[in-house]
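This report concerns only the one structure given below.
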Number of protein chains: 2
Amino acid sequence: MDHPFVIIGGDAAGMSAASKARREAPDLDVIVFEQGEWVSYAACGMPYYVKGEVGELDDLVAVKPETFRDQRDIDLRTAHEVVGIDPTAQTVTVSTDEETFDQPYHSLLIGTGARAIEPPFDGLDLDGVFTLRSMDEAAAIQRYVSNAKPASAAIVGGGYVGVEMAEALTERGLDVSIYEMLPRTLQPFGEETALTVEDHLREHGVDLHLDTAVEGFIGEETVAGIEHDGGVDDADLVIVGVGVAPNVELAEQAGIELGPTGAIATDEYGRTNYADVYAAGDCAEAENVVTGDPDHVPLALTANRAGRAIGTTVAGDPTETGGTAGTAIVKAFDLGAARTGVLDEERAREAGFDPVSVTIDAPTRPHYYPGGSELTVTLIADRETGRVLGASMVGADGVKRIDTVATALGSGLTVTELQNLDLAYAPPFSPVWDPVLTAAKVLAGKL
Amino acid sequence: MDHPFVIIGGDAAGMSAASKARREAPDLDVIVFEQGEWVSYAACGMPYYVKGEVGELDDLVAVKPETFRDQRDIDLRTAHEVVGIDPTAQTVTVSTDEETFDQPYHSLLIGTGARAIEPPFDGLDLDGVFTLRSMDEAAAIQRYVSNAKPASAAIVGGGYVGVEMAEALTERGLDVSIYEMLPRTLQPFGEETALTVEDHLREHGVDLHLDTAVEGFIGEETVAGIEHDGGVDDADLVIVGVGVAPNVELAEQAGIELGPTGAIATDEYGRTNYADVYAAGDCAEAENVVTGDPDHVPLALTANRAGRAIGTTVAGDPTETGGTAGTAIVKAFDLGAARTGVLDEERAREAGFDPVSVTIDAPTRPHYYPGGSELTVTLIADRETGRVLGASMVGADGVKRIDTVATALGSGLTVTELQNLDLAYAPPFSPVWDPVLTAAKVLAGKL
């Protein structure tokens, strides 16, 4: 290989690929171009930095740039923006403050990530209005809370970033309101879980404005209020968290194909329509293990794993990136909520299934043992085949049990097979019938 | 069906079968003969009753006898001992304090359970020497600790009952010693997990005598010491917990076949060599999901599930009892330990596998998030096929993750498939790479 393995983007997918390729093929040159200064950071930790549980923003950095450079021998170039890809010539065009140059590549990985969606709200540029996608934004929010001492916060969007920020800002002493366009928060988690989380948010003083369309933000220079279809409320701080969009423009301009979700289409090895160009992470699609269709689930594990697999492939050992079950978990004050697979009945029907679901409440420990709590489990399966399609759960304890269902999805288990799993029981950890087994028992009775 | 469904034994397997058969076939008569007075109780909760965390022994009873009789319409007869089975005549002979009679059956379930093994130790009948198998024994130990105020306890056997009782009696203020014949405690959990638990037991003041053969107990009337191949130690209370033996004598005398483990042989529906005679629970074998061989793992979930399945079958809907992965979990003071599948390399080789294993330490939460701890995970797979064979884990937090591996075993996943599972990640719950995934990654690199 004369030319290096070039990677665009120095976060989860890119740095996982760089590290793995370097380790597996020590003779391979690896160059990473990152337009910003932060690399390999845990974006999912940012709400806990704002909350005050993580002392320094630097604590969120998994591996420092100098470690990549000095110890892993990776040519990591921050403040280098890739402005063009020529897949025929096998070069990328790179721009810095000082120069623009072409870099040939042997293999290319596009790991450009996603950006926060900014709807056309009035007043988005007022001081005190933030999205939460980059480390710089996390730092800015933290400074703003400490210095401007806002009394109230409006969070636009009731997804998991919205819920996590509601907890963080409440903990910092602000009066928090969430504005959500849909009738429910945490839409991907299903109605039963969302209702429980919403009650809990209200118990912690969070004001919920559901079915509410935000129009914009008002104020001189600094934000002072939020306008929506129900009126105007005070707001000294605004977080806009209405979702993310994959950064695909660079790929698209180079003739790299996008998939049905709008993210970059990839095969099982993470390859795009050019055999030597890969894409991974929040800018790329992954196969949904339940439907078999391309999906766009911009979460950290998918990015890390696909990057690692592509690094292995580029180093000479073709390795599949693995699919996604859309597994997600979120903390809201004292509750946890988790989901995996296909929960939406309409989406299940579109994928050719006949969905049947149950929701059960079950204790996480036997009634006689201290410290248990109720776990609400929703389980959904296909009526004809009995195949498990997805699950959601919510409770003060034990929501990591979603992994049992995620594993069942990865194996294509039926409800009967799920019900027959030999899960761990002892009073300090579980009732005899784990809540997942109880849900499977009840669902099996409905099939 | 002219004759009833007769069940011998009123605990997990028996009462699950009775309840399920009654619900599915309301016209079916169900009679349960239980030789004692306690039914449907959580034997696994007994150490926590002795410890003082469970207020009343009655709290361990899942469903009370009168509930079975009055609300579930089950003819439950306590203090009724079945003394003979005639599978040709399809009758059982029942003995009470007052009479002996024959009861015809349509279908019969043998759920006679297991008993504590009592090695031929001298002094087993001294006051203050107990096993812990029955509720009456739990009550007696509790009374003895409260009334006789023993200062020291000797626990014979370092299995999970021994470990749980060490915690319980330490908590009650006794100086506790464990005597184990083997070089390690918790033998089925593997060496790495056992070593961690042993260090932790010592930190909590438990004195471990490993590789030590107990010879007997000394004292007038009341126990005062324990004799072993290393000498004599004081002991005011002795718990003998060296394992259990299935109660198979009744079955054996009736010509019902035992399997290679010495427990009653059953097919996938829990049937014995007589088509209308079933066996389930601690007296019966179950198929090991990893080896496919008959196994004897006397644990609560297997008993409950098999009983429930047999109840369904007897009611007219043939239902498989499900296998066992030998999944177990135990608390030792502030640590949890768990295991599933085949961990013993010799046993794996006997089953035709070429075992390869790794042991890793991984955090249960990201380094920057408060409250995580180290989890030590041992994962074992077959070199040729990559199939996952078993796992063990130990740590202060998160050992219920064993369920992920138990689910993988139930599905026959390979290490690569395990590594590619989409498990749940958010900082309050897990690092990006769940410890199970990390173990799979490392093991995949060794295959």
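Read the figures in this text as sums done on the coordinates, not as results from a lab. Small disclaimer: the values here were computed from a predicted structure and weren't measured. Using ideal geometry, Cβ is built from the backbone for each residue, glycine included, and neighbour counts are taken over all protein chains shown.
Observations on the structure shown:
- Oblate is the label for chain B, because the ratio a/c of its alpha-carbon gyration tensor axes (a ≥ b ≥ c) is 1.5 or higher and a/b is not greater than b/c.
- For the pair residue A:210 and residue B:215, label points projected 7 Å from Cα toward Cβ lie 7.4 nm apart.
- Across identical copies of the chain, residue A:86 has label-point separations of 9.7 nm, listed in ascending order, with the point defined 7 angstrom from Cα along Cα→Cβ.
- Computed E for residue B:149/residue B:118 - FRET, C-beta separation, R0 25 angstrom, nearest 0.05: 0.45
- Projecting the Cα positions of B:8, B:130, B:359 onto the charge dipole of chain B (unit charges on Cβ atoms of Lys, Arg, Asp and Glu, taken about the Cα centre) puts B:359 furthest along the positive direction.
- Local electrostatic count, residue B:338, Cβ distance below 9 Å [Lys/Arg +1, Asp/Glu -1]: +2
- Projected label points at residue B:56 and residue B:275, each 7 Å from Cα along the beta carbon direction, are separated by 4.8 nanometres.
- Peptide A:428-439 is shielded by partner chain Cβ atoms: per residue, an average of 5 of them sit within 10 Å of its Cβ.
- Given charges at beta-carbon only (K, R positive; D, E negative), |dipole| of segment A:337-444 in Debye: 200
- Rounded to 5, percent antiparallel among DSSP beta bridges of segment B:118-242: 30
- Three semi-axes of the equivalent ellipsoid, segment A:1-150, Cα gyration tensor, whole Å, largest first: 32, 19, 12
- Cβ-Cβ distance of residue A:195 and residue A:267, R₀ of 56 Å, FRET efficiency by 1/(1 + (r/R0)^6): the value works out to about 0.90.
- Model label points for residue B:350 and residue B:88, set 7 angstrom from Cα along the Cα-to-Cβ axis, are 3.6 nm apart.
- Signed unit charges on C-beta, dipole axis of chain A, positive-most listed residue A:158, A:313, A:148: A:313
- Cα shape, the protein assembly as shown, gyration tensor, a/c 1.5 rule: prolate
- Basic side chains Lys and Arg get +1 at the Cβ, acidic Asp and Glu get -1 at the Cβ, and with that the dipole of the protein assembly as shown about its Cα centre reaches some 520 debye.
- Distances, shortest first, from the label point of residue B:66 to those at the same position in the other copies read 7.5 nm; the point lies 7 Å along Cα to C-beta.
- In chain A, the calculated helix contribution to ellipticity at 222 nm averages -7000 deg cm²/dmol per residue, counting -39,500 (n - 2.57) for every DSSP H run with n ≥ 4.
- Near residue B:198, once Lys and Arg are set to +1 and Asp and Glu to -1 for all other residues with Cβ below 12 Å from its Cβ, the sum equals -4.
- FRET efficiency, residue B:249 to residue A:202 (Cβ-Cβ, R0 45 Å, nearest 0.05): 0.15
- Total charge dipole magnitude, chain B, about the Cα centre, Cβ charges on Lys, Arg, Asp, Glu only, Debye to nearest 20: 1760
- C-alpha center-to-center spacing [segment A:187-233, segment A:366-400] in angstrom: 28
- Dipole of the protein assembly as shown, positive end: most advanced residue of B:398, A:302, A:49 [Cβ charges, Cα centre]: A:302
- When residue B:346 is represented by a point 7 angstrom out along its Cα-to-C-beta vector, the spacings to that point in the other copies are 6.2 nm, nearest first.
- Prolate/oblate/rounded label for segment B:175-294 (Cα gyration tensor, a/c 1.5): oblate
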